[in-house]
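The structure under discussion appears below in the form of structure tokens.
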Amino acid sequence: MRQLLLRVPDDIHRRLAARAARAGRSVNAVANEILDAAVDADEGDRRIRLRAQVAALGVARSTGQSVVNPPRRRSVIASTKGIGPVVDLLLAEERDRI
């Protein structure tokens, strides 16, 4: 494994450290994850790579569902528009119970 010495502004380091603390991970692990995602963004569809990794780990299962056609996809997206904040609130409430 190679090492990379990287100078970052204090604010970026502070935010990176806070993110790592929230996730219970090291700054190095979080930085590697972010860099990996950024590099993969240049290389096309990252979903294919993630699906392959998940399949290799044996934690994913095929649903047998066919691909959703574009009109149906637009319909589903339209029907769920605006529920993000509600879902965020419900998840936060659930986390508070634990």
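The values are calculated or read from the model by the stated rules, or taken from the named source; none is laboratory data. Computed from a prediction, not measured in an experiment: that's the story for all the values here. No Cβ is skipped: glycine too gets one built from the backbone with ideal geometry, and neighbour counts run over all protein chains shown.
What to note about this one:
- Checklist (1) at pLDDT 75 or above; (2) surrounded by 10 or more Cβ atoms within 10 Å (Cβ to Cβ); (3) farther than 25 Å from ARG95 by Cα applied to MET1, failing item: (2)
- Segment 19-46, residues that are modelled with pLDDT under 75 and on the phi > 0 side of the Ramachandran plot: GLY44
- Meets criteria (out of contact with any Phe, Trp or Tyr (no Cβ under 6 Å at 6 or more places or on another chain), at pLDDT below 75 and among the polar types (S, T, N, Q)) for THR80: no
- Residue within segment 54-64 that is surrounded by 10 or more Cβ atoms within 10 Å (Cβ to Cβ), on the phi < 0 side of the Ramachandran plot, at pLDDT below 80 and assigned to a helix (DSSP H, G or I) present: yes
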